[in-house]
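The values are calculated or read from the model by the stated rules, or taken from the named source; none is laboratory data. Values in this document were obtained by computation on a predicted structure and should not be read as measured data. Here the Cβ is made from the backbone with ideal geometry for all residues, glycine too, and neighbour counts use every protein chain on show.
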Amino acid sequence: MKVKGFTLFELLAASALSILMASFALPGFKHLKLSNAIDNEAFNLMSNIQTARKLAISDSKNIVLCGSSTKSECDSDWSSGYLLFADRNNNNSYEAEEDELINYHQITVPEFNIRWRSFRGNKPIRFLPMGITWHNNGTFVMCINQQPKYAKAIFLAKSGRAEMSRDDNHDGIDEGRDGKPIGCA
């Protein structure tokens with residue numbers, strides 16, 4: 001009668017081979033995880049910008065998008081999260097008893113950074129009932145771990161239209177409107 005099974009040597013050889021293959025695959029998984037995280041946050045912000053413009057037009061209201069480290073007020077910290085609300089008293093500040101909260105997005109990705117640079121500085125973005133912004137053309141730059149290969153940008157025009165950055169030269173790094181790689185500094 002023949003007994004089926006593995007010898008100790010076969011088990012050790014298979015384990016060593018599995019560990020070796022996993023050590024080659026893990027860096028690729030880390031890159032995929034970071035790349036997906038930046039893409040998800042960029043698409044979420046883009047969706048909120050488009051929602052703000054659409055609601056401003058369809059509801060004939062002033063809609064504000066602002067950085068917020070809490071769910072209760074606007075501040076200049078876009079890296080923690082952001083508020084989207086209908087600003088009923090037109091003061092660019094979220095007041096729970098006065099304004100209508102549309103969305104609060106909290107960013108949970110570690111070492112994620114969003115920088116908003118605009119004509120008006122780091123002020124909240126106001127969408128007027130015609131769909132245009134109140135002089136808020138500018139650029140959102142998003143990075144993880146200050147690594148340019150994970151950088152994304154969203155360009156916001158005064159018309160209220162937003163556009164996502166692309167990797168036009170296929171080098172693995174998105175370029176800005178000037179054709180230069182997006183920087184994280």
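Name the residue, out of Ser60, Ser18, Ser35, Ser47, that is out of contact with any Asp or Glu (no Cβ under 6 Å at 6 or more places or on another chain), surrounded by 10 or more Cβ atoms within 10 Å (Cβ to Cβ) and at positive phi.
Ser60
Please indicate, with yes or no, whether at least one residue in region 155-169 is in a loop (DSSP other than H, G, I, E, B), at pLDDT 90 or above, out of contact with any Ser or Thr (no Cβ under 7 Å at 6 or more places or on another chain) and closer than 17 Å to Ser79 by Cβ.
no
Looking at region 90-134, which of the residues that are of a type in the set (A, V, I, L, M) and more than 23 Å from Tyr150 (Cα to Cα) is surrounded by the most Cβ atoms within 10 Å (Cβ to Cβ)?
Filtering region 90-134 for residues that are of a type in the set (A, V, I, L, M) and more than 23 Å from Tyr150 (Cα to Cα), the one surrounded by the most Cβ atoms within 10 Å (Cβ to Cβ) comes out as Ile125.
Of the residues Leu45, Leu65, Leu83, which is in contact with a Ser or Thr (Cβ under 7 Å, 6 or more places away or on another chain) and at pLDDT 90 or above?
Leu83
Return the residue satisfying two criteria in turn: it lies in region 142-154 and is in contact with a Gly (Cβ under 9 Å, 6 or more places away or on another chain) and farther than 14 Å from Asn40 by Cα, and of such residues it is modelled with the lowest pLDDT.
Result: Pro148.
Restricting to strands (runs of 3 or more DSSP E) lying wholly in region 1-120: which have 2 or more residues that are in contact (Cβ under 8 Å) with a residue 40 or more places away in the chain and hydrophobic (A, V, I, L, M, F, W, C)?
Those strands (runs of 3 or more DSSP E) span 63-67, 112-118.
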